[in-house]
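A.B. asks: Have a look at this one before I ask anything.
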Amino acid sequence: MKNSNLKRKAIFLDRDGVINHDPGDYTRSLAEFNVLPTVYEALKALQESGYLLILITNQGGIAKGQYTHQAVDQIHGAFRQECRSRDIEITDVFYSPHHPDYGESLSRKPGSLMIERACAKHQIDPSLSWMVGDKPRDIEAGNSAGVAGILIPVNGDLLQLVPALAKAPSGENQQMPRSNGTI
Ligand SMILES: [Mg+2]
């Protein structure tokens, strides 16, 4: 596919601390997955602004044996279903099960492979898109894939980003704050 066809835009979202409350440890099960208060409203608004919504999440707890692929799939399935019931479509979810203590990985953030794969799979133009995360490695992963990043506080309010992102002019996001979280 030619680059000229890459016209879709996306919000790439870190999961823990952005979508669900991060207690400072792993989220091991659906029972521990608590969606932050304004997330659904924010996702709906971002979707209505024309963004695809894609989760990009490190789940190194799998490599550590803290939880399983099945537990992660159950969390993501339930979240996507809950979104669907609110007319919000999560286009895709990418997670990296690796942890540096147990082996090297290109997919684990700050590696950019998950974002690059998402862009290729869904014909997304990185320059029209954003990576929202609560750790510098989220922003680094986005920037390595040509996606501008927005750093928010851990368990912050995603809704606060919506007005600026909703009116971000296509192809001009490089003029927006990239990583200082003040948007
Ligand atoms: Mg996080």
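A.B. asks: What pairs from 9/121; 7/121; 9/44 go past 18 Å between their alpha carbons? Working shown, then result.
C.D. replies: Values: 9/121 13 Å; 7/121 13 Å; 9/44 15 Å.
Too far apart for the 18 Å limit: no listed pair.
A.B. asks: Next question. For a quick check of your reading of the filter: which trypsin sites (Lys or Arg not before Pro) in region 74-131 sit in a DSSP loop and have no more than 13 other Cβ atoms within 10 Å? Please report the intermediate quantities before stating the final value.
C.D. replies: Numbers: sites: 80, 84, 86, 108, 117, 121; in loops: 86, 108.
Passing sites in region 74-131 are 86.
A.B. asks: Please state the relative contact order of the chain as a whole percent: Cα pairs under 8 Å, 6+ residues apart? The partial results should precede the final answer.
C.D. replies: Values: 342 pairs, mean separation 49.6, N = 183.
Reported as a whole number, the value is 27 percent.
A.B. asks: Which is the longest part of the chain that has none of the GluC sites (Glu not before Pro) sitting in a DSSP loop with at most 15 other Cβ atoms within 10 Å? All intermediate terms of the calculation are to be shown ahead of the outcome.
C.D. replies: On the way: sites that count: 89, 104, 172.
The answer is 1-88.
A.B. asks: Something else: Viscosity 1.567 mPa s, temperature 4 °C: Stokes-Einstein D of the chain from its Kirkwood Cα radius, in µm² per second?
C.D. replies: Working: Rh = 16.3 Å.
Diffusion coefficient, whole number: 79 µm²/s.
A.B. asks: Out of the DSSP beta bridges found with both residues in the chain, what percent are antiparallel (nearest 5)? Could you put the intermediate results ahead of the total?
C.D. replies: Details: 1 of 21 bridges.
Expressed as a percentage, antiparallel bridges in the chain total about 5.
A.B. asks: Still on this structure: Report the convex hull volume per residue for region 1-103, counting only C-alpha atoms, in Å³. Mind showing how you got there, number by number?
C.D. replies: On the way: hull volume 12.4 nm³, N = 103.
Taking the convex hull of the Cα positions in region 1-103, it is 120 Å³ per residue.
A.B. asks: Right, here's the next one. Excluding residues fewer than 8 places away in the same chain, name every one of the lysines whose C-alpha is closer than 18 Å to that of residue 64.
C.D. replies: In chain and number order, the partners are 109.
Each value in this text was obtained by applying a stated rule to the coordinates, not by laboratory testing. Quick caveat, the model's predicted, so the values are computed rather than measured. For neighbour counting, all protein chains shown are included, and Cβ atoms are generated from backbone atoms with ideal geometry for every residue, glycine included.
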